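S.K.: Structure below; questions to follow.
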Amino acid sequence: AVAMAGADAQSADDLIERVTQFIGQHLYPDSFGVLLLDEAGQILRTHDSYWGPKMTIPVTHSIAGQVVSSGQVFHTPDMTQEKGYFEADHFNVTPRMYAKLCVPLQIGSRIVGIINVESKQRQAFGEADQHLLQTLAQQLSVAIEKVRLFAAERMRATQQRMLAVASGTLLSALNLHDLWAALAAATRDILRAERTAVYLYAEDSGQLLCAFVDGFDPDYIDFFNQHARHMPSSQVLETQEPLIINDVVHHPLYASVIHRIAAEGFQTAALFPLYSPKTKLGVMGVYRDNLSALFVEDDAVAGQTLAHIVTIALQNVQLFAEKHHALMREKRLNEIARILNVERSLPTVLSTVVRAATELVGAEAGALGLIVDEAVMVHYPYNLPERTQLHPLSRGRGLAWYVAETAVSIRLDEYASHPTADPHWIQLGIAAYLGVPVMSNDICLGTLSLFHLVPGRKFATRAQDLAEAIANQAGIAIQNLRLFEEAQQRANVLAVSLARQERLDRLKDVFIQNISHELRTPLGIILGHAELMESGILGELQPAQQDSVKIITRRVNMLTDLVNDLSVLLAAQTQEFRREPIHPKQLINAMMDDFKLQAEANDVHLEAEIESNLPWINGDPTHLRRVFDNLMSNAFKFTPAGGTVTFRVWREGEDVIFEVRDTGVGMPADQLDRIFERFYQVQQKAKKHPGGTGLGLALVKEIVEAHRGYVRVISEEGVGSTFEITLPGIELNIAEDEFIEIP
């Protein structure tokens, strides 16, 4: 009969109900039926067809539990005589029941339940009844197993079909909204879950965060996020192994949060890792509210398969989202670059940079510190709390200066723990800090600082890379703006200088024209009379007079040449000089007599130190004489009576050095840079000396440089001045006695 019932039964429940009816019809007990063991093997529960009180019996505290543990039949004519019968009121057995016969339902070595019959009559069941129940239990166990295997196979086939359908839906999702909706439907259909949740690993906080729930109270997400480290899902994340909990209330992993879990109402849980070999991804949880609806092995297999599909789908969504975000970031970076390239206002550029960096990185606030004069950092904030006080930071103070001075990015998950953390920033709620240097080539212009104000949030490596990219753009833009501003300032200064120079040039031209015109006539008259005297027409001259006339003639000729040079400067601004070999002694011998006369006339002591074996030089003797005439004339002019003027010439390598030194009034240090400018005259604070045209030293410099030489001056007020001229030497095989006198 049982075998036939097993063949016809559509489910184990149907089969057990038929067996229960059979027992009632043949043994006539007062309480009878089947109790099934839960998946954990800890609890016996009466089947819905049980005739009598419904019972939930722990196997460790009951006679029925002894049958499960031992696998042996329990048969007693009078339960009241059994030890411990009245010690456990929770057995839900009334004292009116006396006779009891309990037979295990056993499949191989596995106990799946018991057949229990009880009677109000003592000695109601005999050996034949026991044999009947044992035979019935054996047949029922086989039939239940067949039905169970058939149902399990059918369920597996159904789950596989559902998984195939769900796989297509899940893998086609392009965003989290569609993915979560498909997952909730899949867990309801495939795993018969009343609730579903997905917990994703947050790299910035290092813990799981609830990303999606279905069937939970709205505040469950916040509760989980606050207690994530104490939830079983965190263990699953670490072990990467699925976890089935078929009695949530009594499971130790829920002990610390059981008050909230009990209020939520789910009784069983199945947690599956979202496994990714390269990174921690998260955990999928499915839950049932009925303690009798336990998760079985097939559910675990289907759940793992579904979790694997969800992992791939989630990674696809993340990759799609990352690609979309990357495109948006690239677009935003291009927009930032465009703004930075066209914007000419530095404050606008700085505000744009800090706002864009804060938004793109996902920070709550930011600030860009710009270094001013290499000593102070001025901050441009974005979205900082209103009570924030930003003062210029002197060099070396705070993390922003540390980043700027080291030119290395710094990322802090816990800002308050850093030794240089600012107490004011801690009070403002700065939780995490990211600082990157704003560079232009090898120069640090400042620091871009980004802040998380939410405790637990962290900056990922990707955020640092993005911030550094923005900071590099900012560095280029800031440097370009500074260069642009400097160029504008230089252009303005240059425009003013050019206008001034044009005015001075016009004055100079007028001056040169006037002086050239005024000097030509008197110089011509002086030269004519000097030549007339030198010719002897006016009478024979004494030797000393002849020397004086010669000096006059030479000087007039030099002045005439000077006027001619002024005219040339005015016309072309350049002078092409003659080039011929000259020995320095030629110049010296021709000039020393003139210098001696000047020294005697000024009551100044003249010293000459001429080194032998000097190299030849290549140049224009007339203009070179003008150089030394100008320098010596100035020395005599500004050296008081009794002073000394020294003329030295020596060889230094291949060069010839000419030095004119005096013990005169000297020149102010702040005017030395301008003394070689045309028409510039030194402003003396002390005794006023006769002025000149302001061309003497300018001509000295231009003539020397035209001969590929250079001039150096040292001067101190009240001590004197030293002019040193360096001219390149040349090697010629000409003896000194072959000199040609320079007139």
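S.K.: Hey, could you grab the Kirkwood Rh for the stretch 451-512? Inverse mean 1/r over distinct alpha carbon pairs, Å, one decimal.
M.R.: Here the Kirkwood hydrodynamic radius works out to 16.2 Å.
S.K.: Round to a whole angstrom and tell me the spacing of the C-alpha centers of the stretch 538-553 and the stretch 238-263.
M.R.: The distance from the Cα centre of the stretch 538-553 to that of the stretch 238-263 comes to 129 Å.
S.K.: So what is the diffusion coefficient of the stretch 200-255 in µm² per second by Stokes-Einstein at 10 °C and 1.306 mPa s, using a Kirkwood Rh over Cα pairs? Numbers along the way, then the final one.
M.R.: Numbers: Rh = 12.3 Å.
After rounding, the answer is 129 µm²/s.
S.K.: Same structure, new question: Run the helix sum for the chain: -39,500 (n - 2.57) per DSSP H stretch of 4+ residues, divided by residue count, reported at 222 nm to the nearest 500 deg cm²/dmol.
M.R.: So the calculated ellipticity at 222 nm is -16000 deg cm²/dmol.
S.K.: Sorted by packing (mean other beta-carbon atoms within 10 Å per residue), highest first, where do 668-674, 619-625 land?
M.R.: Order by mean packing, descending: 619-625, 668-674.
S.K.: GLU677 versus THR348, label points 7 Å from Cα toward the beta carbon: distance in nm?
M.R.: Going from the GLU677 label point to the THR348 one covers 3.8 nm.
S.K.: How large are Rg and Dmax for the stretch 575-738 when calculated on the C-alpha trace, in angstrom?
M.R.: Cα-based Rg and Dmax for the stretch 575-738 come out at 15.7, 51 Å.
S.K.: Kirkwood hydrodynamic radius, the stretch 74-229, all distinct C-alpha pairs: what's the number in Å?
M.R.: That comes to 20.9 Å for the stretch 74-229.
S.K.: With every atom except the alpha carbons ignored, what do you get for Rg and Dmax of the stretch 415-548, in angstroms?
M.R.: Rg then Dmax for the stretch 415-548, in Å: 38.2, 115.
S.K.: At R0 = 35 Å, how high is the FRET efficiency between TYR710 and GLN513 if r is their beta carbon distance? Nearest 0.05 is fine.
M.R.: It comes to 0.65.
S.K.: Any idea what % of Cα-Cα pairs in the stretch 506-551 are farther than 17 Å? Mind showing how you got there, number by number?
M.R.: On the way: 502 of 1035 pairs.
That tail contains 49 percent of the Cα-Cα pairs.
S.K.: Further question on the same structure: Quote to one decimal, in nm, the extra length available between GLN25 and GLN66 on full extension: 0.36 nm per residue of separation minus the C-alpha distance between them.
M.R.: My answer for the length gained is 12.0 nm.
S.K.: In Å, what Kirkwood hydrodynamic radius results for the stretch 172-322 from the alpha-carbon pair distances?
M.R.: Computed over Cα pairs of the stretch 172-322, the Kirkwood hydrodynamic radius comes out at 15.4 Å.
S.K.: Using the number of other C-beta atoms within 10 angstrom as an exposure proxy, rank THR358, THR447, THR76 with the fewest first.
M.R.: Sorted ascending by nearby Cβ count, the order is THR76, THR358, THR447.
S.K.: What are the DSSP H helices in the chain that stretch 27 Å or more along their long axis, judged by alpha-carbon atoms, and whose average Kyte-Doolittle hydropathy comes to at least -1.0?
M.R.: Qualifying helices, which must be both long enough and hydrophobic enough, are 127-171, 297-342, 461-535, 543-572.
S.K.: OK, next. From the P(r) of the chain, could you give the percentage of C-alpha pairs in the tail past 41 Å?
M.R.: Here the long-distance tail beyond 41 Å is 65 percent of all Cα pairs in the chain.
S.K.: Sticking to Cα atoms, compute the Rg of the stretch 344-484 to one decimal and its Dmax as the biggest Cα-Cα distance, whole number, in Å.
M.R.: Using the Cα atoms of the stretch 344-484, the pair Rg, Dmax is 13.7, 43 Å.
S.K.: So for each of 261-272, 217-228 I average, over its residues, the number of other beta carbons within 10 Å; can you give me the resulting order with the highest mean first?
M.R.: 261-272, 217-228
S.K.: Hey, another quick one. In the structure displayed, which of LYS100/LYS120; LYS585/LYS637; LYS323/LYS458; LYS54/LYS100; LYS550/LYS596; LYS550/LYS701 lie more than 20 Å apart, Cα to Cα? The partial results should precede the final answer.
M.R.: Numbers: LYS100/LYS120 9 Å; LYS585/LYS637 24 Å; LYS323/LYS458 22 Å; LYS54/LYS100 16 Å; LYS550/LYS596 15 Å; LYS550/LYS701 28 Å.
From LYS100/LYS120; LYS585/LYS637; LYS323/LYS458; LYS54/LYS100; LYS550/LYS596; LYS550/LYS701, over 20 Å: LYS585/LYS637; LYS323/LYS458; LYS550/LYS701.
S.K.: OK, next. Figure the gain on full extension for GLU652 and THR461 (residue separation times 0.36 nm, minus the Cα-Cα span) and round it to one decimal in nm. Spell out each step's value before the answer.
M.R.: Values: separation 191, 0.36 × 191 = 68.76 nm, distance 6.36 nm.
Stretched out fully, the GLU652 to THR461 stretch lengthens by 62.4 nm.
S.K.: What length, rounded to one decimal in nm, is gained on full extension from GLN684 through to LEU483, with 0.36 nm per residue of separation minus their alpha-carbon distance?
M.R.: Working: separation 201, 0.36 × 201 = 72.36 nm, distance 3.93 nm.
My answer for the length gained is 68.4 nm.
S.K.: As a test of the definition: which semi-axes, in Å, follow for the stretch 325-396 when you take the square root of five times each eigenvalue of its alpha carbon gyration tensor? Largest first, please.
M.R.: Gyration-tensor ellipsoid for the stretch 325-396: 24, 16, 10 Å.
S.K.: With a 10 Å Cβ neighbour count serving as the proxy for reagent exposure, in which order, fewest first, do SER292, SER409 appear?
M.R.: Result, fewest neighbours first: SER292, SER409.
S.K.: Moving on. Would you mind giving the average projected area, over all directions, of the Cα convex hull of the stretch 604-671 in nm² with one decimal?
M.R.: Taking the Cα atoms of the stretch 604-671, their convex hull projects to 5.7 nm² on average.
S.K.: Turning to a different aspect of this structure: Sequence neighbours fewer than 8 away in the same chain don't count; with that in mind, list the aspartates and glutamates whose C-alpha is under 14 Å from LYS280.
M.R.: GLU203, ASP204, GLU238, GLU241
Any read-out appearing in this document is the output of simple, stated calculations on the displayed coordinates, not a laboratory observation. Everything numeric here is computed off the predicted structure, so don't read it as measured data. Quick reminder, even Gly has a Cβ in these numbers, built from the backbone with ideal geometry, and neighbours come from all protein chains shown.
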